[in-house]
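Novice: Before I ask anything, here is the structure I am working with.
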Amino acid sequence: MKLKRRMHRFVREIRDNLWGYALVLPAAAYTFVFGYITLPYMVIAFQKYNYRLGLLHSPWVGLENFKFFFLSNQAWQVTFNTIRLNVLFIAFGTLTALILALLFNELKSRLFARVTQSTILFPHFLSWVVVSYMLYSLFATDFGVVNNMLEAIGMERVNWYASPQYWIQILVATNVWKDVGISLVIYLAAISGIDGTLYEAARIDGANRWGQIRHITVPLLVPTVSILSLLALGRIMYGSFDMIYAIVKDNGMLFATVDVIDTYMFRALRTIGNPSQAMAIGLYQSLVGFVLVFGANWIVRKYDSNSSLF
């Protein structure tokens, strides 16, 4: 009887919110197929996987596939590059989006705010391939805009695509420019949800605009910032493959500072063709990300449970 009532409630819930469930269905199907059905294939990280023998009959090799990565000369370099780039992406992206959200909230002209916000959001929808050509038009050695400007002020041209020391700053700036718009939308939505009576009470107490931002807006944004940062931290071991590969491609002269785990794994799979070794690297990324998220969430929950994910 209880099962029948539950089924009735379930059918009624689907019927009453049919379009909402229809919208979420593609994302749910994608997550189920690529996030759950593929989970058994993680065991190939411990096998010498053979396409002909399949998952159940391929021979086990223990941790040999992990040795391929950890005993290589580049293992710790690409790990360091991955963590460094993602930490900078998170730090500068969050700070920039937060500052922009506070500034937009102070604008008097709503029309100007909407147009400017849409302009900032637009790069988020550009492909990284398109962005890579935009960067090439800026930093090309012979006809790049930046080199032309340097030459115009009497400075020598720089071979940017052979100078790895500049690409940390270039990639961080590009990432912030492209993705800050989506974070800005989230922070503005969080600000719009703040109770207006808090600002009225602050004005009655004599607080100016800076005082209201400092003592009301920023503290109430902390939970949103914390949750978004924790979610980003879960992918700190993933090196934005589409970004790095689209911009750098196989330019070995830049690998010292921009080669990340994802691009290293892709090259290894492409050149060696061993899926077991690629899966071992992917499993290493996932485990480290899992530990970082749970560890960071535990620390956040210890000091402020409202700012934690769970």
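Novice: Among the numbered conditions (1) exposed (fewer than 15 other Cβ atoms within 10 Å of the Cβ); (2) modelled with pLDDT of 90 or more; (3) within 26 Å of residue 218 (Cβ to Cβ), tell me where residue 189 comes up short.
Specialist: Looking at each condition in turn, residue 189 falls short on (2).
Novice: Any residue in segment 38-49 that's under 12 Å from residue 63 (Cβ atoms): show its pairings with residues that are aromatic (Phe, Trp, Tyr) at Cβ separation under 7 Å, as long as the two are six or more apart or on different chains.
Specialist: Taking only residues 6 or more apart or on different chains, the pairs are 46/60; 47/60.
Novice: Tell me, which residue of segment 250-273 that is in contact (Cβ under 8 Å) with a residue 40 or more places away in the chain, more than 16 Å from the chain's Cα centre (by Cα) and not in a helix (DSSP H, G or I) is surrounded by the fewest Cβ atoms within 10 Å (Cβ to Cβ)?
Specialist: 251
Novice: I need the full set of residues from segment 210-226 which are more than 12 Å from residue 190 (Cα to Cα) and either touching a residue at least 40 places away in the same chain (Cβ under 8 Å) or not in a helix (DSSP H, G or I) (or both), in order please.
Specialist: Correct list: 213, 226.
Novice: Follow-up question, since we're still on this one. Here is a list of conditions, (1) open to solvent by 40 Å² or more (accessible area, probe 1.4 Å); (2) at pLDDT 90 or above; (3) under 23 Å from residue 92 (Cβ atoms); (4) small (Gly, Ala, Ser), and residue 132 meets all of them except one; can you say which number that is?
Specialist: Result: residue 132 passes all but (1).
Novice: For residue 206, indicate whether it is open to solvent by 20 Å² or more (accessible area, probe 1.4 Å), in a loop (DSSP other than H, G, I, E, B) and without any contact (Cβ under 8 Å) to a residue 40 or more places away in the chain. Walk me through how you get there before you give the answer.
Specialist: Values: open to solvent by 20 Å² or more (accessible area, probe 1.4 Å): yes; in a loop (DSSP other than H, G, I, E, B): yes; without any contact (Cβ under 8 Å) to a residue 40 or more places away in the chain: yes.
When the stated conditions are applied, residue 206 passes them.
Novice: For residue 30, which of the numbered conditions (1) open to solvent by 100 Å² or more (accessible area, probe 1.4 Å); (2) assigned to a loop (DSSP other than H, G, I, E, B) fails to hold?
Specialist: If we test residue 30 against (1) open to solvent by 100 Å² or more (accessible area, probe 1.4 Å); (2) assigned to a loop (DSSP other than H, G, I, E, B), just (2) comes out false.
Novice: Let me ask another. Consider residue 167 against the criteria (1) among the aromatic types (Phe, Trp, Tyr); (2) more than 17 Å from the chain's Cα centre (by Cα); (3) open to solvent by 40 Å² or more (accessible area, probe 1.4 Å): it satisfies all of them except one. Which criterion is unmet?
Specialist: The number of the failed condition is (3).
The values are calculated or read from the model by the stated rules, or taken from the named source; none is laboratory data. For clarity, every value in this text was computed on a predicted model and none was experimentally measured. Here the Cβ is made from the backbone with ideal geometry for all residues, glycine too, and neighbour counts use every protein chain on show. Keep in mind that these areas ignore ligands, DNA and RNA; they rest on the heavy atoms of the full protein, side chains included. Shrake-Rupley method; radii C 1.70, N 1.55, O 1.52, S 1.80 Å.
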